[in-house]
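Reviewing the structure listed below.
The values are calculated or read from the model by the stated rules, or taken from the named source; none is laboratory data. Because the structure is a prediction, the values reported are computed rather than measured. As a convention, Cβ positions derive from the backbone with ideal geometry for all residues, glycine included, and neighbour counts pool all protein chains shown. Surface areas here come from the heavy atoms of the whole protein model, side chains and all, with no ligands, DNA or RNA. Shrake-Rupley method; radii C 1.70, N 1.55, O 1.52, S 1.80 Å.
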Amino acid sequence: MNILVVNAGSSSLKYQVINIETEECLISGGVDCIGLAESKISHSVIKTNVEYSEKFKFNNHTEALKIVFDLLVDAKYGVFKSISEIDAVGHRVLHTGEDFTGSVVINAETLAIMEKNIPLGPLHMPANLDSVKSCASLLPGVPMVAVFDTAFHMTMPKHAYMYAIPYEDYKQYKVRRYGFHGTSHKYVTGVACELMGTKNCKIINCHLGNGSSISAVADGKCQDTSMGLTPLEGLVMGTRSGDIDPACLEVLMDKKGMNIHEMLDYLNKKSGFLGISGVSSDARSVQQAAEAGNERAELVLAMAAYRVKKYIGSYTAALGGVDCIVFTGGIGENSADTRERILKDLTYLGIDMDWDLNEKCPRKQNVELTKPNSKVKVFVIPTNEELVIARETRDLI
Ligand code: ADP
């Protein structure tokens, strides 16, 4: 069975074709800058290493998907003779609201509920649902499944997801913690349970990438997570501030003459690694600047690691202990320096690190970074969100 996985952002589209029997990725690609003057498509056939890259002007996701479908049946760049060889489509959709606790088959009824939840994700949800509709018209009759970014976190207890605002506003407007990166947290939780040899364990997952979030998991179920109503809350990220006293907003809006939309743009797009370092939102560039002596680059690396460390401490308390800590995402998987900054003072938790292995950690594989007798284990687990989407799609159809 071949499953097309579609991950549509506000101006981007990522896709993979996965053979779900072998869990092999056949095709992987992406389109950037949809709706802008020049869009770019990059497409790879995994087995043959054949790559295709071209500039177009795509006004919307439907136009981009039409080209993707042409490529899938192309003699050189495709893997299918006919588009009918796609058996199902799995769509990444941002928000469940409080309506779904897991993935759902897309039909008129579930689509209407997703449309009702657009206000919870005004940037992403319209693009997600446009892609759903485009695929429905381009692939009539092919079953489709929505896999939600928030769903893994729906097991959080109420005392963890509530904000301490007047209760009636939670009831009426559904303002609460939801959490994001759910497919990644779900994937690494599954692998961590396999590596631990049991589901019955306490896990803290650190997904550190451009966007970063951390989750506390017990018995395979999410108990708490750092992102909130939106992905702005929690850790220090590429361009997002993470946690901040809301009273700062009043001071900054007043002094800089910003309205609330400009203020949120500032916190979402101009803060974090970029805002503090003044160098870049990209962790590698910030790291290089810090190594070259840039103090603000060094400062934001220290701030980001300190924030993760604080969350590990609070989630250890929340879970009543911890059995393993997982690092994933572009930074979590690849930056030995970040892992060292976070873990070096955590020996009191019972972590006995193999620092040499941390430094030489092989890429793209699951690695245990702690010594065999370490009470708490530390793993690097490369995430695979597309595979989670493909598996959920198979399970539901
Ligand atoms: P996204 O949230 O967009 O999926 P990724 O998980 O791909 O992001 O992570 C991107 C981040 O990972 C970037 O900040 C990048 O600099 C960082 N990164 C990738 N490789 C390394 C590395 N070797 N060392 C440090 N940071 C890295």
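Odds and ends about this structure:
- Here the accessible area is traced with a 1.4 Å probe on the protein chains. For region 197-319, carbon and sulfur cover 52 percent of it.
- Shape of region 1-149, Cα gyration tensor, a/c cut at 1.5: oblate
- Take every Cα pair under 8 Å whose residues are at least 6 apart in sequence, average their separation, divide by the length of the chain, and the relative contact order is 14 percent.
- Per residue solvent-accessible surface (Å²) - region 1-158, probe of 1.4 Å: 44
- In this simple spin-label model, placing a label point 7 Å from the Cα along the Cα-to-Cβ direction at both residue 250 and residue 371 gives a separation of 5.3 nm.
- Averaging the Cα positions of each part gives two centres, and for region 122-173 and region 11-61 these lie 24 Å apart.
- Rounded if a/c under 1.5, otherwise prolate or oblate - the chain, Cα gyration tensor axes: rounded
- Using 0.36 nm per residue and subtracting the Cα-Cα separation, the extra length available between residue 269 and residue 219 on full extension is 14.4 nm.
- Once the 1.4 Å probe is applied to the protein heavy atoms, region 315-397 comes out at 46 Å² accessible per residue.
- In region 327-397, the portion of solvent-accessible area held by carbon and sulfur atoms comes to 45 percent [1.4 Å probe, whole percent, DNA, RNA and ligands not counted].
- Seen through its C-alpha gyration tensor, with square-root eigenvalues sorted a ≥ b ≥ c, region 80-233 comes out oblate because a/c lies at 1.5 or above while a/b is not bigger than b/c.
- Compared with the alpha-carbon gap, the fully stretched path from residue 87 to residue 75 is longer by 2.3 nm at 0.36 nm per residue.
- The residues of region 162-253 expose on average 41 square angstrom of accessible surface per residue, using a 1.4 Å probe on protein heavy atoms.
- Pair residue 243, residue 285: separation of 7 Å Cα→Cβ label points (nm): 2.9
- Sulfur and carbon atoms: percent of accessible area, region 1-149 [1.4 Å]: 53
- Label-to-label distance, residue 142 versus residue 306, with points set 7 angstrom from Cα along the beta-carbon direction: 5.0 nm.
- Most fluctuating residue given options 277, 285, 103, as computed from a GNM of the chain linking Cα atoms under 10 Å: 285
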